[in-house]
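Participant: Before we start, here is the structure in question, set down as structure tokens.
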Amino acid sequence: MKCEARFSTYEEIELLRLSVLKKNGTKADYDKTKIETGVRKALEKRPVTEEKIAQFIGEIEYEIRSKEKPEITSKEIGKIILKKLRELDEVAYVRFASVYKSFCSIESFKRELDTFDDK
């Protein structure tokens, strides 16, 4: 088990102080449940254990915390999640990307799928 996905109480408090700069310019307090909800929706009915999901969310939080900034953009968080989902489960990646990148046509969706050929 990687220790990087475990947090002390102090580290949890530090994450709670983190501000997220949203696309519309407003700020919000960091909320782990928003990440967890999005990740769980993307991984719904995928062959990923509950233990692996918890570890995965811990790894996302570790990467966010490692930036050591009091503020992070929602775009940065989305990129972290996408990068890690791509490694974990390609179907979940495409599900998350379709919402995060706001695909507006089948062509944009196909372009994203074509990036898997580059792996």
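For every residue, the table says whether it meets (1) at pLDDT below 95; (2) over 23 Å from residue 116 (Cβ atoms).
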| site | (1), (2) |
| --- | --- |
| 30 | yes, yes |
| 41 | no, no |
| 49 | no, yes |
| 62 | yes, yes |
| 66 | yes, yes |
| 80 | no, no |
| 84 | no, no |
| 88 | no, no |
| 96 | yes, no |
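Participant: Another question about this same structure. Out of curiosity, is residue 19 at pLDDT 90 or above, over 20 Å from residue 99 (Cα atoms) and either surrounded by 12 or more Cβ atoms within 10 Å (Cβ to Cβ) or within 15 Å of the chain's Cα centre (by Cα) (or both)? Talk me through it step by step, then tell me what you get.
Facilitator: Working: at pLDDT 90 or above: yes; over 20 Å from residue 99 (Cα atoms): yes; either surrounded by 12 or more Cβ atoms within 10 Å (Cβ to Cβ) or within 15 Å of the chain's Cα centre (by Cα) (or both): yes.
So residue 19 passes the test.
Participant: Let me ask you something else. Mind counting the residues in segment 67-117 that are of a type in the set (Phe, Trp, Tyr), in contact with a helix residue (DSSP H, G or I) (Cβ under 6 Å, 6 or more places away or on another chain) and in a helix (DSSP H, G or I)?
Facilitator: Going through segment 67-117 one residue at a time, the tally reaches 3.
The values are calculated or read from the model by the stated rules, or taken from the named source; none is laboratory data. Note that the structure is a prediction, hence the values are computed from the model and not measured. Note that we place each Cβ from the backbone using ideal geometry, even for glycine, and neighbour counts take in every protein chain shown.
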